[in-house]
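Every number in this text was worked out from the coordinates using simple rules, so none of it is lab data. All values derive from a computational prediction rather than experimental measurement. Glycine also receives a Cβ, built like all others from the backbone with ideal geometry; neighbour counts cover every protein chain displayed.
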Amino acid sequence: MKKKLGFLAAATLAAGLLAACGNDDTKETTSTGEKQTTAEEKIIQDQLGRDVTVPGEIDRIVVGGILPYFSTWYVATNSTKEIVGMHPNSYNAAENSMLAKISPDVLKASTKFVQNGEVNVEELMKVDPQVYFEIATDQKSIEKVEEAGIPTVGVKAIDAAAAEPLATFNSWLKLTSDIKGGDTTDRADKFIKEGTKVQKEIDAKLADVKEKDKPKVLFLFQHNDKSIVVGGANFFSEKWTKATGGIDVAGDSGAQGQKEVNMEQIYKWNPDIIYITNFTQTQPEDLLENKVSGQDWSDVAAVKEGKVYKVPLGIYRWFPPSGDAPLMLKFLAQHNHPDVFDYDMKEEIKTYYKNFYEFDVTDEEVESILHPSSDAAKY
């Protein structure tokens, strides 16, 4: 029997909440020396370094272009009922995720406030958010929403640790804790310790692996018959690859972030392994069976060896930061060095979801995590 219980409160990461205390008329000066908060509000600092005044009690949030953040809210708070709006691309991931089964309130969120790829303030006001979360680089949307009088929090997709997924995820947990507050629990510690433990295990087993024995890895970030976008340096693909004993062929050749390339470049790199993210509808068989019009993948080493894999989707897509990050490390290590690692990913997933989400995953659900639908990438 499945059981939905508490998950990570991002507590070990909470430091210096600026919540006011006392009765309704009491005010407390914050560390700025100029701003003041009441019992009904507090001032937090977003990841743009700005002071943002938010309600002391929050039960209605909207998540814009910072696509993975809605799942972080769940990880930190054990709830999705506060999420009244999210980006359509986030919603497609949510629909096809385990989070929809663990916390089905997430599917009640509206997507109507995003129209033609932009925030429609009139539609946003209809869902009456107390706080709006936006990717830190989208200054236009941040200013538009702020002008409407909605507290807007900028969240960095890549943190100061140069796209290190665990560090980024931890920074999001801290931000959520600052905003939502609440008691601390051992769950956040448990998540962080698990990620650290898994990475140490992988490092120890890879210590004797020579550079010449490491596979050349390519992440296909977005793809269709007209465009090939790969993950390069200073992006999650580089960090995942190097953390699990691979050579980042795109990043090491100078490609930065998300880089559009042609088939001639793919042939030059000739990767041994290709991972396809859930930000594209392309599936492994599209390359393995050479189905893509105008592109011939048949001579690429990864295709010839059958080493093309779809990145899993569990609590959220595994490519960006998520609560399943320790599983992503094991998944990649297993494929990059099957002679070194003997993880049974089906059992690893079941154990992890039981320990961290207190949720019993069925065999069928495990398959859906490891082989996610293309629908998860639709806009």
Cubic angstrom per residue, convex hull over Cα atoms of the stretch 205-377:
113
Counting sequence-distant residues (5 or more places) and residues on other chains, those with an amide H built under 5 Å from that of E164 are D159
The ³J(HN,Hα) series, computed from each phi in the stretch 226-236 with the Karplus coefficients 6.51, -1.76 and 1.60 at θ = phi - 60°, rounded to the nearest Hz and given as x for glycine or proline, is 10, 8, 10, 10, 10, x, x, 5, 6, 9, 4
Spatially proximal aspartates and glutamates relative to K307 (Cα-Cα < 15 Å; intrachain offsets below 8 disregarded):
D272, E285, D286, E289, D299, D339
Here the relative contact order (percent) of the chain, from C-alpha pairs under 8 Å and at least 6 apart, is 19
I'd like the orientation of helix 325-336 relative to the chain: the angle between its Cα long axis and the longest Cα principal axis, in ° from 0 to 90, rounded to 10.
10
Across bins of 20 angstrom width beginning at 0, how are the C-alpha pair distances of the chain distributed, in whole percent?
28, 56, 15, 1
Compute the Kirkwood hydrodynamic radius of the stretch 96-251, taking the inverse of the mean of 1/r over all pairs of distinct Cα atoms, and give it in Å to one decimal.
19.1
Asserting the computed 222 nm helical MRE of the chain (DSSP H runs at least 4 long, -39500 (n - 2.57) per run, divided by residue count, to nearest 500) equals -10000 deg cm²/dmol
Can you give the Kirkwood hydrodynamic radius for the stretch 320-379, in Å, rounded to one decimal and based on Cα pairs?
12.6
Footprinting proxy, R50, R317: sorted fewest to most Cβ within 10 Å, the residues are R50, R317
